[in-house]
């Protein structure tokens, strides 16, 4: 009998990272793929991206509506509650042998809690990482404690998961799964990409993604105005904005960027989602990636492009030499952009190593999922104590 692998996806971002893992589970004779789509995938505001999953040839076994119209802390907390109810019913119907989740968002927290109560083992991808400026930090580590298997993106992250009490035999350093896209996808050439977004790129061009900093008390309007003020110093640059996610204050960010783009439509666009192919192609054909997304630290360096990482959202996350950190003010952002565009920094990028690259990550995960011991005894895991002196 095939082992049933249930993969949960809640955003365009995690689906893009999971794409090749889904493909390889789907093609494996010993495994049965189940997909649960939730969160932003089901929202018209965020592009109804569940349709992309279907278009890519996958069957969605369950859709779980959980995203409320409010992105306040109260609204998001209620979304988690609604999600848990939906996951409880879905997991009872699907009865998977193991549930696979990626990352640290609140949709994934709801899924993990439901799976724990249903005594369904969890495999967690991208545990052990640090993002001290976002509430995702504590959510990620909480999911680690609920998970049976762990697939980390770097040896340091593996050590941190073990430090959290997980047995080393169940913690696998496989690399960043999303990097499989770069080696396996045929990225669009410049003409194809420009046609796909209906914008001609100028001599200088930027890709910008700015998400809410959920552990900050700073005014998101002030942060976006600082970003816009810095970008205004490059009057001839083309700029591609991707929409912020559904975290607290995401709608404020999106509205301010929308207003800015509407005043500069001859050289700017704002998209709900580019999808993985167009997103990676955008990185390839622009001069720098600006914002505070994890992709700036993980995927962008693999394409040998500079990242301007703004503020503390990704504080603590490993980064290579191609990443330039700056403060959330226009002067610091402009200085970082100037550095990224400099001839000297272009030389730095050519030789910079990406700490997340490992190669063929999806297949490594598949081999472990296929053969892992999922018996009742092993699910009742014990806390792994490290010997040390305080």
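No value in this document is a laboratory result; all are computed from the given coordinates. Remember, predicted model here, so these are calculated numbers, not experimental data. Please note: Cβ atoms are built from the backbone with ideal geometry, for glycine as well, and neighbour counts cover all protein chains shown.
The table that follows gives values for the structure above.
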quantity: Rel. contact order, % - alpha carbon contacts under 8 angstrom, at least six apart, the stretch 12-62; calculated: 30 percent
quantity: Computed FRET value (nearest 0.05) for residue 344 with residue 1, which takes r as the C-beta separation and R₀ as 56 Å; calculated: 0.40
quantity: The chain: calculated mean residue ellipticity at 222 nm from DSSP helix runs of at least 4, using -39500 (n - 2.57); calculated: -12500 deg cm²/dmol
quantity: Counting all C-alpha pairs of the stretch 44-101, share separated by more than 13 Å (%); calculated: 70 percent
quantity: Normalised contact order of the chain, rounded percent, pairs of Cα under 8 Å and 6 or more residues apart; calculated: 17 percent
quantity: The stretch 340-390: Cα Rg divided by the 2.2 N^0.38 Å rule of thumb; calculated: 2.14
quantity: Residue among 74, 213, 271 with the largest mean-square fluctuation in a Gaussian network model of the chain, springs linking Cα atoms under 10 Å; calculated: 74
quantity: Relative pair counts by distance (%), Cα atoms of the stretch 253-390, 10 Å bins; calculated: 10, 28, 29, 17, 12, 4, 0
quantity: Gyration tensor over alpha-carbon atoms, the stretch 122-182, equivalent ellipsoid semi-axes in Å; calculated: 16, 15, 10
quantity: Semi-axes of the equivalent ellipsoid for the stretch 196-255, Cα gyration tensor, largest first, Å; calculated: 24, 14, 7
quantity: For the chain, alpha-carbon Rg over 2.2 N^0.38 Å; calculated: 0.97
quantity: Between the stretch 1-79 and the stretch 123-137, the Cα center-to-center distance that results, in Å; calculated: 19 Å
quantity: 0 to 90° range, to nearest 10: angle between helix 275-285 axis and the chain longest Cα axis; calculated: 40 degrees
quantity: Rg/Rh ratio calculated on Cα atoms of the stretch 186-351 (Kirkwood radius); calculated: 0.93
quantity: In range of the label at residue 387: residues from the stretch 163-188 whose backbone nitrogen is under 19 Å from the point 7 Å along Cα→Cβ; calculated: 163-169
quantity: Protection proxy ranking of 86-98, 244-256, 338-350 - average other beta-carbon atoms within 10 Å, highest first; calculated: 244-256, 86-98, 338-350
quantity: Degrees separating the helix 106-117 axis from the principal Cα axis of the chain, which is the longest one; calculated: 0 degrees
quantity: Hydrodynamic radius of the stretch 103-150 per Kirkwood, over alpha carbon pairs, in Å; calculated: 10.6 Å
quantity: Residue 119/residue 48 FRET efficiency (R0 30 Å; Cβ-Cβ; nearest 0.05); calculated: 0.35
quantity: Translational D in µm²/s for the stretch 146-258 (Stokes-Einstein at 20 °C, 1.002 mPa s, Kirkwood Rh from C-alpha pairs); calculated: 120 µm²/s
quantity: Order by protection proxy (mean Cβ within 10 Å, highest first), peptides 29-41, 156-168, 292-304; calculated: 292-304, 29-41, 156-168
quantity: C-alpha long axis of helix 220-231 to longest principal axis of the chain, angle in °; calculated: 50 degrees
